[in-house]
Amino acid sequence: MIVADRKPIQEILDMLGDCEKLLIVGCNACVAICMAGGEKEVSELASLVKIAKKKQGKPIEITEQVTERQCEEEFVKEIESEIKGHDIILSMACGIGVQLIAKMYEGKLVYPALNPKFMGLPEEQGQWTETCAGCGDCRLADFGGICHIARCSKSLLNGPCGGSVDGKCEVDPDNIDCAWQLIYDRMKLLGQLDKLLKIEPAKSWKTSRDGGPRKVIRQDVRE
Ligand code: SF4
Ligand code: SF4
């Protein structure tokens, strides 16, 4: 899932300027699961903005809405009348949701209330960890199902580096497991340690973001 967190309230207030009538739109998918942009967070942000504006002596009228998925037109269309009735929309989705509303309603100002961070895994209540960097050429099959691109702090293709101590990463030994230690342990468990003897050649990053905005086209499901 895409993991995000909310921007600082002052940054949001600065974006809104003298806005007097605002629509806040959340998303019930990833950002609701990571507790950044679902119904509850929309309501909390609306209250925070109202209180801050009242203190400034500039009251604001706020409408709250939540889309099922803000990254799909059909769900955004469900709140079209609200969007059309507002000039400024504060989106609590990831950047995909913000950009979709901006694309669908050209004359509207759409501001992001969140900072999308990464693709990650919910590990425990209130903790999400980056596990995939979307490199476009998934090699999990060769590394015991543990990603060396996203989970090694240096994205090493051949690891570990010299800084791995007791299975911890030198970048932050208290909080980061050495991905290459994890890979080694899993490969050992799977009886595939011999695979790690092969020197991994330089990776082609053409499939990653370095090749410009990426597209997936599935002719078989296109109409
Ligand atoms: S190898 Fe690439 S696609 Fe696979 S999990 Fe890692 S970053 Fe994601
Ligand atoms: S200690 Fe391990 S995870 Fe950290 S940079 Fe070195 S190889 Fe990567």
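The values are calculated or read from the model by the stated rules, or taken from the named source; none is laboratory data. Predicted model, so just to flag it, every value in this text is computed and none were measured. Cβ sites come from the backbone with ideal geometry, for glycine too, and all protein chains shown count toward neighbours. Side chains included, ligands, DNA and RNA excluded: accessible areas come from the protein's heavy atoms. Shrake-Rupley method; radii C 1.70, N 1.55, O 1.52, S 1.80 Å.
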>> Under the rule of at least 5 residues apart or a separate chain, name every residue whose amide H is placed under 5 Å from the amide H of Ile146.
In response: none
>> Please report the carbon-and-sulfur percent of the accessible area for the range 141-223; probe 1.4 Å, protein heavy atoms only, DNA, RNA and ligands left out.
In response: 52
> Cross-link partners among aspartates and glutamates for Lys55, C-alpha distance below 19 Å, same-chain residues fewer than 8 apart left out?
Replying inline: Glu11, Asp14, Asp18, Glu20, Glu44
> For Ile96 and Glu80 in one chain, what is 0.36 nm times their gap in residues minus the Cα-Cα distance, to one decimal in nm?
Replying inline: 4.0 nm
> Between Leu48 and Glu123, what length in nm is gained on full extension when 0.36 nm per residue of separation is reduced by their alpha carbon distance?
Replying inline: 24.1 nm
> Given N residues in the chain, what is Rg(Cα) / (2.2 N^0.38 Å)?
Replying inline: 1.27
> Counting only heavy atoms of protein chains, what accessible area per residue, in Å², does the chain have with a probe of 1.4 Å?
Replying inline: 61
> How high is the relative contact order of the chain, in percent, with contacts defined as C-alpha pairs under 8 Å that are six or more residues apart?
Replying inline: 17
> Given Ala133, Ser153, Thr67, which one lies farthest toward the positive end of the charge dipole of the range 64-155, if we put +1 on the Cβ of every Lys and Arg and -1 on the Cβ of every Asp and Glu?
Replying inline: Ser153
> Of Lys103/Lys154; Lys7/Lys84; Lys21/Lys215; Lys188/Lys215, which pairs sit farther than 29 Å apart, going by alpha carbon to alpha carbon?
Replying inline: Lys103/Lys154; Lys21/Lys215; Lys188/Lys215
> Between Pro201, Pro213, Pro173, which gets the highest mean-square fluctuation from a Gaussian network model of the chain, Cα cutoff 10 Å?
Replying inline: Pro213
>> Accessible area of the range 1-130 with a 1.4 Å probe: how many percent of it is carbon plus sulfur?
In response: 49
> Mind checking which of Leu189, Leu16, Leu109 has the largest fluctuation in a GNM of the chain, springs on alpha carbons under 10 Å?
Replying inline: Leu189
>> Under the rule of at least 5 residues apart or a separate chain, name every residue whose amide H is placed under 5 Å from the amide H of Ala4.
In response: Lys117
>> Suppose every Lys and Arg Cβ carries +1 and every Asp and Glu Cβ carries -1, with no other charges. What dipole size does the chain come out with about its Cα centre, to the nearest 20 debye?
In response: 480
